[in-house]
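Participant: Input: one structure, supplied below.
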Amino acid sequence: MKLTTLAAALSATALTLPAVAEDMTIVSWGGAYQTSQQKAYTEPYTEMNPDFNAIWDESSGEAVAKLRAMDEAGNVTWDLVDVEGPDAVRLCDEGLAIEVDVDEVLAAGDDGSAPTDDFGPSLISDCFIPQIVFSTTFGYRTDVEAWGDSKPEELCAVFDLETFPGKRALQRSPKKNLEWALLCDGVAQDDLYDVLDEDGGVERALAKLDTIKDEVVWWSAGAETPQLLADGEVVIGSTYNGRLFSVIEEQHQPVAMLWDYQVFDFDGWVIPAGLTEEREAAVMEFVKYATDTQRLADQAKYISYGPARASSQPLVGKHAELGIEMAPHMPTNPENAQRFLVNNLDWWADNQDDAEAKFQAWLAQ
Amino acid sequence: MSDTTTDDSPQNGPVLAADGTPLRRSLARALRRQKLRALMLIAPLLIFIMVTFILPVADMLYRSVENGIVSETLPRTVVALADWDAGGDTPPDEAVFAALAADIQIAAEEKTHTKLGSRLNYENPGMSSLFRKSGRQVQRWDLNTDGPFKEKFLDIDDDWGDIDVWRTIQTYSPAMTSGYYLAAVDMQLGADGPEMRPENERIYLKLFGRTLMMSLAITLSCIALGYPVAWLLANLPMRTSNLLMILVLLPFWTSLLVRTSAWKILLQQQGVINDILVWIGLVSDDARLVMINNQLGTIIAMTHILLPFMILPMYSVMQSINPSYLRAAKSLGATDWTAFWRVYFPQTVPGIGAGSILVFILAIGYYITPALVGGTTGTFISNRIAFHISTSLNWGLAAALGGILLAVVLVFYWAYDKFVGIDNVKLG
């Protein structure tokens, strides 16, 4: 009697096993951003597919190096990886991510638009499935006595030590800083990369940065600027717009946004090369769901990053906990995006190493 | 094995064991068996260390010279390019371009052309997009009918007519390269052999020098701070010294990041220490001290983090020093200072040596703390290594930098052994 029940139970498990084993390892950044993905994507997806089980790995920061190591070892354990645009380009170049035909794989927009049109400029690489637009922009303290009544209204305030004395926080990387420096050195936005391409172009940008070098604290993690601003260690600093949102709206620090010439970046999924067909199919199905119009709009309830789809923009609502309207906090909001930059990824792919060497040598001087 | 010469007993021939074999040989056999047994006992550990430590290190070091990617991805081009004169000022002829078309077509099929582009881009900025762009177009060509290809390549991008592009491909076509090591010491392979990089791109030699000097400073400050603490630990009554020991060990149980962030909060200009100094009037409010995001910050934070590694070996050596020596010295008329300096201190040198080696080697490879509190002047060479491993993916350069660092550590170890003696090191 007992034996037969056991046997029946065993055979039942054996039959259902293939369906149960729908584990998917998803790699993301941890923190509030990953939580927003869990709430907007995986939780509703699990409700629809009770067998689906997401295993989260917070390794996006080292995703490129780890994927290369996995590829060399011939054992890719990740199914879906969240990376920034430039990393997606690199992974695609290295053959570590598969190319995706977005029109075939992804869902059409709610308004019926084809994915290619709906995602538009965010499709920066053949391997990249965009999720959000985020921006690197400035925040400043609103209570600096030395500034008197003036407050920074445009980017070049960062380089203006006379009107806005005090320390600044900038990212320890040439990307974005070189562009900002040239803009404030009088270069027109359309000529930025032509100037950078010229002999002495990078040097010109560094010379502009040199005018504020003594007043700069260089950050390498996005969380540093919010801390520096909150402690009054710097009076103005660049970081990701979502970090500033939480300093201002969640922690109520005397900090305000300076959106002028914010630099847009995209963050999205790549699918590692070398998955089995079965795993790849499961990933594709999940990605199709997780990047549809409603899901991308839902994510903005939990974090102030803009959905990458045009059709999601009108659906952005209120913050799930704070109850504030999220649209004005989106980098893509027309009010905020009067002037913005988008990194020229091709230029950076070619010149990253060179610019980085010059930048680091300049820093070490 | 060498028992034919019988130097132990020249008169009577070899000494024989009970079973008639020469004693030497049977002893050697017994010893060999013993050694084998010992080897088998340590085999698991040995294999473990081989697989998890020595082999990966060797593999990583191999990457610093390995360069097969060019000749593997562009086999025909490399052969065709061998006769081309890199010193001249004309780009190669049609034969080379035809070979390139064939190579890129296959490479684009296997998606290795972009990989090669990223590799060559380390040497010559612009190669990455050149290969990415070309791969897409060359895939559509028919190799038999679409020639001549030189024109077509120049149509894709003028850079294919650039001598430097071809010079780079030719220079990096051998399967081994010294390029990464040259780059790691701020040099590059020019048209006439190795040359220094332009002044405004030199960074690594400076960073190596800085890493060594700062590690030395950290080691010295660890000795200065740790010696008295170790002495107290060794000489206070048990109960007090146990409490003190917990205080020394406590940082070990705290996350590295927490400790580093705590230093930030203490040392920054709006931080606790500056606030107190301003409050008691030692420092004026508009001249707050800069103690972080520079070398000082790195030295302070890393001294704190590495201090236990200095205190523990010193403590265990000091504990084993017999206190009667000091008493004897004093009863023979030595002053306190002489007794300490001539009698006590020399006995603690092995502990200082062990602690210094530990701290110095750990410091030289540290990167999290310098990255967080180092600012521009307090970062180490390891920060660059980490950057090349995880961000730029230039593992060859990272391996070369790591290889040099490893060599430097070995040289220091050798020098230490030469001048102080490694036998003199005691961990307890």
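Participant: Roll a 1.4 Å probe over the protein heavy atoms and report the accessible area of B:V425 in Å², nearest 10.
Facilitator: 40
Participant: Roughly to the nearest percent, how much of the accessible area of segment B:69-177 is carbon and sulfur, given a 1.4 Å probe? Could you put the intermediate results ahead of the total?
Facilitator: On the way: 2310 of 4900 Å².
It is 47 percent, rounded to a whole number.
Participant: For segment A:135-264, what value does the Rg/Rh ratio take when both radii are computed over Cα atoms and Rh is the Kirkwood radius, given to two decimals? Could you put the intermediate results ahead of the total?
Facilitator: Details: Rg = 14.3 Å, Rh = 14.8 Å.
The Rg/Rh ratio comes out at 0.96.
Participant: Over 5 Å intervals from 0, what percent of Cα-Cα pairs in segment B:385-428 sits in each interval?
Facilitator: 6, 21, 16, 14, 11, 9, 11, 9, 2
Participant: Which of B:S316, B:V411, B:Q270 sits farthest toward the positive end of the charge dipole of the protein assembly as shown, with +1 on the Cβ of Lys and Arg and -1 on the Cβ of Asp and Glu?
Facilitator: Working it through, the farthest residue towards the positive pole turns out to be B:S316.
Participant: To the nearest 20 debye, what charge dipole does segment A:135-264 have about its Cα centre, counting +1 at the Cβ of each Lys and Arg and -1 at the Cβ of each Asp and Glu? Mind dumping the intermediate values first?
Facilitator: Numbers: 11 positive and 25 negative charges, 99 e Å.
Charge dipole of segment A:135-264: 480 debye, to the nearest 20.
Participant: How large is Rg over Rh for segment B:204-424, taking Rg from the Cα atoms and Rh as the Kirkwood inverse mean of 1/r across Cα pairs? Before the final figure, lay out the partial values.
Facilitator: Details: Rg = 20.3 Å, Rh = 19.6 Å.
Rg/Rh for segment B:204-424 comes to 1.04.
Participant: Roughly how far apart, in whole Å, are the Cα centres of segment B:327-360 and segment B:159-203?
Facilitator: The distance from the Cα centre of segment B:327-360 to that of segment B:159-203 comes to 53 Å.
Participant: Report, in debye and to the nearest 20, how large the dipole of the protein assembly as shown comes out about its Cα centre when Lys and Arg carry +1 and Asp and Glu carry -1 on their Cβ.
Facilitator: Details: 57 positive and 102 negative charges, 1175 e Å.
Taking the Cα centre of the protein assembly as shown as origin, the dipole is about 5640 debye.
Participant: What residues does segment A:339-363 have that are buried by at least 30 Å² of accessible area in the full protein assembly compared to the chain on its own, 1.4 angstrom probe?
Facilitator: In segment A:339-363, residues shielded by partner chains: A:D346, A:D350, A:D353, A:D354, A:E356, A:A357, A:K358, A:Q360, A:A361, A:L363.
Participant: With N set to the number of residues, divide the alpha-carbon radius of gyration of segment B:329-428 by 2.2 N^0.38 Å and report two decimals. The partial results should precede the final answer.
Facilitator: Numbers: Rg = 19.7 Å, N = 100, 2.2 N^0.38 = 12.7 Å.
Normalised by 2.2 N^0.38 Å, the Cα Rg of segment B:329-428 equals 1.56.
Participant: Calculate the translational D of segment B:1-155 in whole µm² s⁻¹ from Stokes-Einstein, where the hydrodynamic radius comes from the Kirkwood formula applied to all Cα pairs, the temperature is 4 °C and the viscosity 1.567 mPa s.
Facilitator: Details: Rh = 21.5 Å.
In µm²/s, the coefficient rounds to 60.
Participant: At a Förster distance of 45 Å, what's the computed FRET efficiency of B:V57 paired with A:L161, Cβ-Cβ distance as r, to 0.05? List each step's numbers first, then the result.
Facilitator: Values: r = 48 Å, r/R0 = 1.07.
The computed FRET efficiency comes out at 0.40.
Participant: Placing +1 on the Cβ of each Lys and Arg and -1 on the Cβ of each Asp and Glu in the protein assembly as shown, which of B:I106, A:G242, A:H252 has its Cα farthest towards the positive end of the resulting dipole?
Facilitator: Value: A:H252.
Participant: Residues of segment B:114-141 losing 50 Å² or more of accessible surface, assembly versus chain alone, probe 1.4 Å, please list them.
Facilitator: At a threshold of 50 Å² (probe 1.4 Å), the residues of segment B:114-141 that become less exposed are B:K115, B:P125, B:R132.
Participant: Can you send over the carbon and sulfur percentage of the accessible area for chain A, probe radius 1.4 Å, protein chains only?
Facilitator: Working: 7420 of 15080 Å².
Carbon with sulfur: 49 percent of the solvent-accessible area.
Participant: Let me ask something else about it. Could you work out, for segment B:296-344, what percent of all Cα-Cα pairs fall into each 5 Å distance bin, beginning at 0 Å and stopping at the bin that holds the largest distance?
Facilitator: 5, 19, 17, 13, 13, 12, 11, 7, 3, 0
Participant: What span do the alpha-carbon atoms of segment B:192-249 cover on each of the three principal axes, reported in whole Å from largest to smallest?
Facilitator: 70, 18, 16
Participant: Still on this structure: Among A:P307, A:P328, A:P86, whose mean-square fluctuation peaks in a Gaussian network model of chain A (Cα, cutoff 10 Å)?
Facilitator: Result: A:P328 has the largest fluctuation of those listed.
Participant: Here's another thing I want to ask about it. Considering only protein heavy atoms, what is the solvent-accessible area of B:Y413 at a probe of 1.4 Å, reported in Å² to the nearest 10?
Facilitator: Number for this one is 110 Å².
Participant: Further question on the same structure: Let me check I've understood the local charge: for B:A329, count other residues with C-beta under 13 angstrom from its C-beta, Lys and Arg +1, Asp and Glu -1. What total comes out? Intermediate values should be presented prior to the final figure.
Facilitator: Numbers: positive: B:R327, B:K330, B:R342; negative: B:D336.
Computed value for this residue: +2.
Participant: I need the Kirkwood Rh of segment B:108-231: take the reciprocal of the average 1/r across all distinct C-alpha pairs and report it in angstrom. Can you show the working numbers first?
Facilitator: Numbers: mean 1/r = 0.0549 Å⁻¹.
Hydrodynamic radius (Kirkwood, Cα pairs) of segment B:108-231 is 18.2 Å.
Participant: Using a 1.4 Å probe, what is the accessible area per residue for the protein assembly as shown, in Å²? It would help to have the intermediate numbers written out before the result.
Facilitator: Values: 37890 Å² over 793 residues.
Each residue of the protein assembly as shown exposes 48 Å² on average to a 1.4 Å probe.
Participant: Something else: Using a 1.4 Å probe over the heavy atoms of the protein chains, calculate the carbon and sulfur portion of the accessible area of segment B:204-424 as a whole percent. Before the final figure, lay out each step's value.
Facilitator: On the way: 7630 of 10690 Å².
The C+S portion of the solvent-accessible surface of segment B:204-424 is 71 percent.
Participant: B:A98: net charge of surrounding residues, Cβ under 13 Å, Lys/Arg +1, Asp/Glu -1, itself excluded?
Facilitator: On the way: positive: B:R76, B:K150, B:K152; negative: B:D93, B:E94, B:D103, B:D142, B:D146, B:E151.
Taking every other residue near B:A98 into account, the sum is -3.
Participant: Two decimals is fine: what's Rg over Rh for chain B, C-alpha atoms, Kirkwood radius as Rh?
Facilitator: Working: Rg = 31.5 Å, Rh = 27.7 Å.
Here the Rg-to-Rh quotient is 1.14.
Participant: Could you sort the residues of segment B:247-274 by number and keep only those whose accessible area is reduced by 20 Å² or more in the all-protein-chain setting relative to the chain alone, 1.4 Å probe?
Facilitator: Residues passing the criterion (a loss of at least 20 Å², heavy atoms only) are B:K264, B:Q268, B:Q269, B:Q270.
Participant: Averaged over every viewing direction, what's the projected area of the C-alpha convex hull for segment A:51-91? Give it in nm², one decimal, please. Please report the intermediate quantities before stating the final value.
Facilitator: Values: hull surface 13.4 nm².
Spelled out: convex hull of the Cα atoms, projected over all directions, averaged, 3.3 nm².
Participant: Separate question: Rank these residues by their accessible area, most exposed first, probe 1.4 Å: A:C92, A:C127.
Facilitator: Details: A:C92 25, A:C127 0 Å².
My answer, sorted largest first, is A:C92, A:C127.
Participant: Where does segment B:69-177 land on Rg(C-alpha)/(2.2 N^0.38 Å)? List each step's numbers first, then the result.
Facilitator: Working: Rg = 12.4 Å, N = 109, 2.2 N^0.38 = 13.1 Å.
Rg over 2.2 N^0.38 Å, computed on Cα atoms: 0.95.
Participant: Within 9 Å, Cβ to Cβ, of A:P86, how many net charges do the neighbouring residues add up to if Lys/Arg are +1 and Asp/Glu are -1? Please list the in-between numbers first.
Facilitator: Numbers: positive: A:R90, A:K175; negative: A:E84, A:D87, A:D265.
Taking every other residue near A:P86 into account, the sum is -1.
Participant: For the protein assembly as shown, what D do you get in µm² per second when you plug the Kirkwood radius from alpha-carbon pairs into Stokes-Einstein at 10 °C and 1.306 mPa s?
Facilitator: On the way: Rh = 31.0 Å.
The estimated diffusion coefficient comes to 51 µm²/s.
Participant: I would also like to ask the following. At the nearest 100 Å², what buried accessible area, both sides summed, do you get for B and A when the probe is 1.4 Å? Present the calculation step by step, with values, prior to reporting the outcome.
Facilitator: Values: alone 24550 and 16800 Å², together 37890 Å².
It comes to approximately 3500 Å² buried between B and A.
The values are calculated or read from the model by the stated rules, or taken from the named source; none is laboratory data. Since the structure is predicted, the reported quantities are computational estimates derived from the model, not experimental observations. Glycine gets a Cβ as well: all are built from the backbone with ideal geometry, and neighbour counts include every protein chain shown. Surface areas here come from the heavy atoms of the whole protein model, side chains and all, with no ligands, DNA or RNA. Shrake-Rupley method; radii C 1.70, N 1.55, O 1.52, S 1.80 Å.
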